[in-house]
Amino acid sequence: MAPVNRALDRLETERTEINHECEALQRFADRVREIDSSQPAPTPGGMPSLSSESHSADAMEPVRAAYRETVMAVPHYEEVYEESLPRNLATELGPDLSTAVCSGHDVSVTPHLKKAIAEAAERAASRRATFIGMLDTERESLRHARRSLDQIKCAIQSRLDGDEASLSVAEVFDRLEGVTTKRQRLLHERTLPSHIEVHGLCSYLYDQMRWTYPVLAVAATLRDKFEDVGLVLT
């Protein structure tokens, strides 16, 4: 059961990280909305500007600070992303907003821009919330498969030990086929986010492990056991 057990561990790590990112993006959106865009900025001569917008030498620094202290402050950021603020912000909010936030000069924190930044962050959070739902579906699929595979394993082991098996040869075979068929159907029918769709959720989650398809790996091992003890249907 090692492939499925390790896949479940990997899945839990991914879910925790995505949830942290989701919460961080929402906090960032909230902080951006709280930035005061109505205070007149000081001029080089020390007198306040008559402009109603914040237009200091670097009016976007509060936005960048909020991003560093929320999105870039998740525990796994350096290990997983290792990206500069402009690059990560462009990925999450889009290149236009990243340019506006990171240009440094001649950009005002207008209500319109604050709204655009906050809404883009909330969309990024929403995408993660949707992805968490996919991870939950994957977790349930793995748990269900593990229960079925464990029953099959126990039945095969009983035959190896010469004990009375809980499942007949035909039932073992049918259940193995059922687990793999159900798993294959899930893999082919689910809709994935665009950044994952190219290589599939299993590759995204498990590619660094020994088994990219953990359920199928266990099923193949059990099938080999099936054959080793002469239990193949003729």
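For this structure, a couple of remarks:
- Taken together, the criteria place VAL32 among residues that are outside any loop (DSSP other than H, G, I, E, B), open to solvent by less than 60 Å² (accessible area, probe 1.4 Å), modelled with pLDDT of 75 or more and over 29 Å from TYR204 (Cβ atoms).
- When each of PRO62, PRO44 is tested for being open to solvent by 20 Å² or more (accessible area, probe 1.4 Å), in a helix (DSSP H, G or I) and at pLDDT below 95, the lone residue that passes is PRO62.
- When restricted to residues that are within 17 Å of the chain's Cα centre (by Cα) and of a type outside the set (A, V, I, L, M), the range 201-218 contains 7.
- Scanning the range 161-185 for residues that are in contact with a helix residue (DSSP H, G or I) (Cβ under 8 Å, 6 or more places away or on another chain) and modelled with pLDDT under 85 yields a count of 7.
- Residues in the range 153-172 that are open to solvent by 50 Å² or more (accessible area, probe 1.4 Å) and under 20 Å from ALA220 (Cβ atoms): LYS153, CYS154, GLN157, ARG159, LEU160, GLU171.
- Here ALA145 passes the criteria (1) part of a helix (DSSP H, G or I); (2) under 21 Å from the mean Cα position of the chain (by Cα) except the one numbered (2).
- Members of the range 186-208 that are open to solvent by less than 30 Å² (accessible area, probe 1.4 Å) and modelled with pLDDT of 75 or more: GLY200, LEU201, CYS202, SER203, LEU205, TYR206
- As for the range 114-133, it holds no residue that is touching a residue at least 24 places away in the same chain (Cβ under 8 Å), of a type in the set (Lys, Arg) and farther than 30 Å from ALA66 by Cβ.
The values are calculated or read from the model by the stated rules, or taken from the named source; none is laboratory data. Keep in mind that this is a model prediction, so the values were computed, not measured. Ideal geometry is used to build each Cβ from the backbone, glycine not excepted, and the neighbour counts take in all protein chains shown. Just the protein is used for accessible areas: all its heavy atoms, side chains included, with ligands, DNA and RNA removed. Shrake-Rupley method; radii C 1.70, N 1.55, O 1.52, S 1.80 Å.
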